[in-house]
1. Given 0.36 nm per residue, what is the gain on full extension from Lys76 to Arg152 after removing their alpha carbon distance, in nm?
2. Considering amide H positions built from the backbone, and no H for Pro or chain starts, which residues 5 or more places from Arg171, or on another chain, come under 5 Å of its amide H?
3. Quick check: the distance between the Cα centres of the range 202-232 and the range 101-149, to the nearest angstrom?
4. Estimate the FRET efficiency between Arg188 and Asp271 by the formula 1/(1 + (r/R0)^6), using the beta-carbon distance for r and 30 Å for R0, to the nearest 0.05.
5. List the pairs from Lys76/Lys307; Lys165/Lys347; Lys213/Lys363; Lys235/Lys267; Lys267/Lys363; Lys267/Lys347 whose alpha-carbon separation is above 19 Å, in the order I gave them.
6. For the range 231-382, what class follows from the C-alpha gyration tensor (a ≥ b ≥ c being the square roots of its eigenvalues): rounded when a/c is under 1.5, otherwise prolate if a/b is larger than b/c, else oblate?
7. Once you place label points 7 Å from the Cα toward the Cβ at Arg209 and Arg370, how far apart are they in nm?
8. Convert each backbone phi in the range 335-350 into a coupling constant with the Karplus relation 6.51 cos²θ - 1.76 cosθ + 1.60 (shift: θ = phi - 60°), then list the ³J(HN,Hα) values in order as whole Hz, x for Gly and Pro.
Amino acid sequence: MPTLRRSHPSRCSAGSLPGRSTAAVGEVVDEDSSVDGAGPVDDRIHAALAAIRETAQLTRHGQSSLWYGHHPPRGKTHQVIRDLDAPVKVAITGTPLENSLMDLWALLAISAPGLFPHHRTFTDLYRRPIESGSDPDRLARLQRRVRPLMLRRTKEAVAPELPPKQEQIVRVTLTPAHRRIYDRHLQRERQRVLGLLADFDRNRIAILRALTKLRQLALSPGLVDAAHQQVPATKVEVFAEQIAAVAAEGHRALVFSQFTGFLALVKARLDAEMVPYCYLDGRTRDRPARIRAFRGGTDPVFLISLKAGGFGVTLTEADYVFVLDPWWNPAVEEQAIDRAHRIGQDKTVMVYRMIAADTIEEKVLQLQQRKRDLFARVIGDGGAIDSMLTAADIRGLLEA
């Protein structure tokens, strides 16, 4: 539950608004925040709920506002905050539509509880017709209803002095050996997954497992079958060439992947090329020390698993970012890239998204764009969204 991990109980504090007191709880993250593997999940959940109960005590003693971050719709934390007796509640988030339109409903259920009281009604009236694109008038109606309640500030408005961010997609052509293995597995998994889609809800886990297998195969056949470990990972070879040039010019780079197994292959190649690096994933014990080592050192590369280091870190010492594999959720990628492109950065940030050509990765890229388009229609220009994968999405991913 990443949003609960992002809550920081020690940062719950009293603040102020004109004429009233304010209780604070939500997305407060710093470099010492816990991440994957940093402690039992139950401890983090109990800590977050305890912080909210403490806030409830404050509201009964005169505090009248609750600052709320981002928590799963209809989760325990969300329900506890909805039940708090506070005259004013302000919802604050950097990703109002991180997973689906239900995220927007969750925020409004806190800050404007009478607007859309029931999530099922919101789903029927707005989420389904808007996400499917079947009723454009419904989108306009939602915009009219929520716009008076929303104050949006973009990075460009907050920090106009921030240097630009330039993004480029690097399409990588698989070697013949890599391509043969990928295509063989693709045909097998495509037939199996299309059969499972007949009962999508029941087979969701098996379907996602098959898609993950294809994504790993696009990176390296050895990630799926040890018998193919000797087949070179095409993307590692291309990345090694690019990072050598980046380091030679005195730049520093953040390198993200969702798969620690693939990061291990990148590490081995950097070792072979004698390129120094720092490393961080969800199993890293001393996360703050790794971050300080990169920020205060000279290593040109920081290898980071997307979930462990994609938020809550300032790494403006880097001016290059490599995203080695795409994720369904473009908001997560944007957050990772913004570890470098944030206040304090004084150089143009170069972003390279590496995509294995003619593989499922290109389909994921297309899916991301559809989700971005939805965000732009609902919230405004820019941003990103990843709704839950639908059966139609998955058929699109497996189309020839």
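Rule-based calculations on the coordinates, nothing more; no lab input. All values reported here derive from a predicted model rather than from experimental measurement. Here Cβ is always computed from backbone atoms with ideal geometry, including for glycine, and neighbour counts include all displayed protein chains.
1. Net length gain for the segment: 24.7 nm.
2. Here the answer is Ile355, since their amide H atoms fall under 5 Å of that of Arg171.
3. 37
4. Details: r = 34 Å, r/R0 = 1.14.
According to the calculation, E is roughly 0.30.
5. On the way: Lys76/Lys307 22 Å; Lys165/Lys347 9 Å; Lys213/Lys363 15 Å; Lys235/Lys267 13 Å; Lys267/Lys363 27 Å; Lys267/Lys347 26 Å.
Where the Cα-Cα span goes over 19 Å, the pairs concerned are Lys76/Lys307; Lys267/Lys363; Lys267/Lys347.
6. It comes out oblate by the Cα gyration axes.
7. 2.5
8. Karplus-based 3J(HN,Hα) across the range 335-350 equals 4, 5, 4, 6, 4, 9, 9, 8, 3, x, 7, 10, 10, 5, 9, 9 Hz.
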